[in-house]
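This report concerns only the one structure given below.
The values are calculated or read from the model by the stated rules, or taken from the named source; none is laboratory data. Here the structure is a predicted model, which means the values were calculated and not measured. Because the Cβ atoms are built from the backbone with ideal geometry, glycine has one as well, and the counts that use them run over all protein chains shown. Keep in mind that these areas ignore ligands, DNA and RNA; they rest on the heavy atoms of the full protein, side chains included. Shrake-Rupley method; radii C 1.70, N 1.55, O 1.52, S 1.80 Å.
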Amino acid sequence: MGVFGLLTLALVGLIVIGFPVGFAAGVISALGLAEVYNGLADPRVASALARTMLDRIDGFLLLSVPFFLLAGRLMNGAGITVRLFEFVSAVTRPLRGGLAHANVLASVLFAGMSGSATADAMGLGTIELKAMAHAGYRREFAVGITGASSLLSPIIPPSIALVAYAVVAEQSVGAMFLAAIVPGILLALSYMLYVAWRLRFETDVPPAGRFDLCEVWRSFRGAVLPILMPAIIVGGINFGIFTPTEAAAVAVFYAGAIGMIVFRELSWRQLVADLRGAMIDSAAIMLIIAFTSAFGQVLIRAQLPDQLAALATALTSDATVFLLLMILLWLGVGCFMAQTPAILILTPILLPVAEQYAVDPIHFGMVMALTLTLGLLTPPVGMVLYALVKVSGVPFERLVVVSFPYVVITALVCVVLVLAPDLVLALPRLAR
């Protein structure tokens, strides 16, 4: 296996036992550089580690990360969630089990503002669960669809995970955002189709209501400004109006204006708290990016990607089979590692291997990002599961069971994206 293979296993082991990802990557990177040079005492180790870390985070594009994080927090505190759910509930009322479908659609809209599955589950999810319980839905059914729909937040743009992949893979953020639109919609439709089928076996489902155009229009007027935010971001980037970083800054001002001037539900105290939270989250992400970038450089110096490429081509020469094998790998990794750190660690290792198969980097990154989101609904990490335990009171074990069908559905969507790459690449190609 070699020294660098052992170091990779050591990194995985540290993360599994709960060691912070950034610091684990930093320790292993230092050990790897010590192997390249003459031990840890060699001054070139510290110099190479510092230079690699600073080179990675010293980029204009990464300024978009704290802005997107802050914009999401501002939207969360501006009374957006209630207005979004009222609107989609009015639209889906004529459907049997309309609130279950509204649950998914609300997450689609909320994803364009938050980008966080945990924020979706604990913020919007609290409203959805309360409404579904009041309407008479079985609690476990409501919790299952709430957890699944929260997976849309890290996929539908703007997504911090996709920004992180674009930085590491040196791809266009705008192209990644466009590539995520169809998979996000496909995933939402898949959940809604499953819900429509599952409702046939649910006895506590309220009947369909009457469509009220006046109520739809009233609720739409309250939700239209937040709904426009993702369109402004993605459209502005791809039409060349502003860069991704400028788009993130525009999103902050837009979210702040909605919360403080239009809805007047965002106080100065909440603004300060959101600024503080975004700063902490940004510092953590930048630390992870810096250390994982150093680890990636160590593996590249050790020619690990070349060795993996040789191993992969010995197993199969077919790009589709390779991607299906990658899905299995990412499913395992996602059980123990959060989406963004996993992307930062795996991309420098696996992307060169994918290029040997002539796999489009946008396609590769999109399938990887979507597959890794499943870790949010699978033990032992499963951050969405833990969030739902807090807001619903359903035991963790039952949440794993009721979430399993949605895990299977999401995995099948990943397979579909592998078999039909045009679902990912069509919009980015049109925008070129």
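See the values below:
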| quantity | calculated |
| --- | --- |
| Helical mean residue ellipticity (222 nm; -39500 (n - 2.57) per DSSP H run of 4+; nearest 500) of the chain | -24500 deg cm²/dmol |
| Most mobile of Asp58, Asp422, Asp120 in a GNM of the chain (Cα contacts under 10 Å) | Asp58 |
| Rounded tilt (10° steps) of 383-392 against the dominant C-alpha axis of the chain | 30 degrees |
| Net charge contributed by nearby residues that have their C-beta within less than 14 Å of Thr81 (K/R +1, D/E -1) | -1 |
| Cβ-defined net charge surrounding Gly123, 14 Å radius [Lys, Arg +1; Asp, Glu -1] | 0 |
| Separation between Cα centres of the range 149-167 and the range 129-147, rounded to whole Å | 26 Å |
| Net charge dipole size for the chain [Lys, Arg +1 and Asp, Glu -1 on Cβ; Debye, nearest 20] | 1020 debye |
| Under 12 Å, Cβ to Cβ, from Ala30 - net charge with Lys/Arg +1 and Asp/Glu -1 | -1 |
| With every protein chain in place, the chain: carbon and sulfur % of accessible area (1.4 Å) | 68 percent |
